[in-house]
Structure formats: C-alpha cells, structure tokens
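Data first, discussion second: the structure below is written as structure tokens.
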Amino acid sequence: MSDDHSQQDAPVALDLISSITLTHHRLTTPEYVGEVSDLLLVLARLMPPQTSLRQAVAFMLVASSDLSGRAASLAMLRRSAGFDRQGIELLGPSLGRTTRSLEALGLIRIEESEEDARASNIKLSPKGYALLTDAMAVIS
C-alpha cells in the first residue's frame with residue numbers, strides 16, 4: 001500500500017485489494033466479463049473527460065499492483081495486459097504516453113526506481129486512490 005494512505009483507509013484498501021485481485025483474475029473468465037466491464041465503465045465515467053479506455057485499463061492495472069503492495073512498471077503493465085488476437089499489445093506502443101497522461105491528471109505517480117535507473121515505479125496517487133474507492137463503491 002502506498003505511503004499516502006492513512007491507517008484509517010487500511011480496511012477499505014484490503015477490500016479493494018481482494019476485489020481488484022479477484023477482478024484481475026477474472027479478466028479471462030467468461031462469466032465475469034460483465035463485472036470487469038462494469039468496473040471499467042465506472043472508472044471511465046468517473047475519470048476526467050476525454051479519458052480513453054486504454055487509460056482506464058492502465059489505471060486499473062496500476063491500482064491492482066499498487067494495492068497488492070507492488071509498484072507497477074511499464075514492462076509489468078505490458079505483460080499484464082497482453083496481446084489481442086492479432087498479436088498487438090493491448091495497451092499499445094504508446095504506453096509511456098498513456099502513463100504520463102495519467103500522471104498529468106494526478107491519478108498516478110511515476111517515480112524513479114531505486115534498484116534500476118532504467119526503470120520507473122508507477123503507483124496510485126491519493127487522487128487515484130480516491131477515484132478507485134468511488135468506482136468500487138458504485139459497483140458494490
């Protein structure tokens with residue numbers, strides 16, 4: 001969990017972790033497609049105007065990683081999203097631009113990795129955490 005979250009938010013965060021982890025696991029399970037699409041649609045509605053579905057998916061993957069206690073990286077986001085049937089990356093070749101736009105919206109933080117100067121750690125910002133909390137409340 002990110003340092004910006006208060007102790008008071010811990011029970012909420014634990015619920016979010018289990019919900020998002022379960023949702024992430026269910027991405028490939030046909031009977032839960034509706035649940036995942038509901039979360040993405042709610043996120044897309046709550047995010048600022050002109051937010052793309054690609055940004056909503058990237059945000060959800062960052063949230064899943066961050067709330068599980070791990071910082072995301074561009075490589076992890078690419079691996080998690082995978083490829084479409086034609087072998088094209090789902091988050092596309094402009095993933096760096098997508099994450100920078102989420103950072104500009106104040107939804108995530110991109111920090112230099114202490115372990116690897118070539119990598120960045122991507123985490124939820126307090127604003128992103130609040131957005132995710134609101135989205136989970138809507139679909140619960």
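Taking residue 84, is it at pLDDT below 80, open to solvent by less than 70 Å² (accessible area, probe 1.4 Å) and farther than 21 Å from residue 135 by Cβ? Spell out the reasoning first.
Details: at pLDDT below 80: yes; open to solvent by less than 70 Å² (accessible area, probe 1.4 Å): yes; farther than 21 Å from residue 135 by Cβ: yes.
For residue 84, the condition - at pLDDT below 80, open to solvent by less than 70 Å² (accessible area, probe 1.4 Å) and farther than 21 Å from residue 135 by Cβ - is met.
Quick check on this structure: which one of 46, 67, 53, 77 is loosely packed, with under 15 Cβ neighbours inside 10 Å and closer than 24 Å to residue 136 by Cβ?
53
The values are calculated or read from the model by the stated rules, or taken from the named source; none is laboratory data. None of these values were measured; they are calculated from a predicted model. With ideal geometry, Cβ positions are generated from the backbone for all residues, glycine too; neighbour counts draw on all protein chains shown. The area values use the complete protein model at the heavy-atom level, side chains included, leaving out ligands, DNA and RNA. Shrake-Rupley method; radii C 1.70, N 1.55, O 1.52, S 1.80 Å.
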